[in-house]
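Take a look at the structure below.
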Amino acid sequence: MFRRHLDPEEGLLLAPAIGGIHTFFLGCPIDVAYMDAHLKVVALWRAMPPWRLWIPRRRDAMMVLELPSGGLAETQVGDQLKIVLVCWR
C-alpha cells in the first residue's frame, strides 16, 4: 500500500482468497493470479492498473498471487504454479 513500485523479487500470496482485491493506494500496475487448491491458475489479470477493484466469480479460487507487472507474463489460465516462500530476517 502507498507504494510507487515493486521490486522484481517482491510479491504477496493471500490465502484464503475471500472476496476481491484492489490496487487502491498502489502507484504501479501489478499482475494478479487467482489459483485453486492445487495452484492451478483459474483467473489472471496482467498489469492491473492502480485504483481498480477485481472480484472474480470463481468458486474454485483459493489463493491470490500478486506480483510486479510482468511477473506473470508467461503464465496462462490453466497453468499450475510452483510457489517458493522465502522469509527475510
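The values are calculated or read from the model by the stated rules, or taken from the named source; none is laboratory data. Because the structure is a prediction, the values reported are computed rather than measured. Please note: Cβ atoms are built from the backbone with ideal geometry, for glycine as well, and neighbour counts cover all protein chains shown.
What the table below lists for this structure:
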{"item": "Residue, modelled with the lowest pLDDT, within region 44-75, restricted to residues that are among the acidic types (Asp, Glu) and more than 23 Å from residue 25 (Cα to Cα)", "result": "60"}
{"item": "Failed condition for residue 37, given (1) under 19 Å from residue 78 (Cα atoms); (2) within 13 Å of the chain's Cα centre (by Cα)", "result": "(2)"}
{"item": "Residues satisfying the stated conditions in region 37-67, i.e. surrounded by fewer than 13 Cβ atoms within 10 Å (Cβ to Cβ) and either of a type in the set (Gly, Ala, Ser) or farther than 21 Å from residue 7 by Cβ (or both)", "result": "37, 38, 51, 53, 55, 57, 59"}
{"item": "Of the criteria (1) at positive phi; (2) loosely packed, with under 13 Cβ neighbours inside 10 Å; (3) not hydrophobic (A, V, I, L, M, F, W, C), which one residue 70 fails", "result": "(2)"}
{"item": "Some residue of region 39-60 being free of Cβ contacts under 8 Å to residues at least 24 places away in the same chain and in contact with a Pro (Cβ under 8 Å, 6 or more places away or on another chain)", "result": "yes"}
{"item": "When residues of region 13-36 are limited to those that are small (Gly, Ala, Ser) and at pLDDT below 95, the one surrounded by the fewest Cβ atoms within 10 Å (Cβ to Cβ)", "result": "19"}
{"item": "Residue, farthest from residue 11 (Cα to Cα), within region 31-83, restricted to residues that are assigned to a loop (DSSP other than H, G, I, E, B) and small (Gly, Ala, Ser)", "result": "78"}
{"item": "Close pairs (8 angstrom Cβ cut-off, 6 or more residues apart or separate chains): under 21 Å from residue 83 (Cβ atoms) and among the aliphatic types (A, V, I, L, M) in region 9-30, surrounded by 15 or more Cβ atoms within 10 Å (Cβ to Cβ) and at pLDDT below 85 anywhere", "result": "30/6"}
{"item": "Conditions (1) modelled with pLDDT of 95 or more; (2) assigned to a loop (DSSP other than H, G, I, E, B); (3) surrounded by fewer than 18 Cβ atoms within 10 Å (Cβ to Cβ); number of the one not met by residue 5", "result": "(1)"}
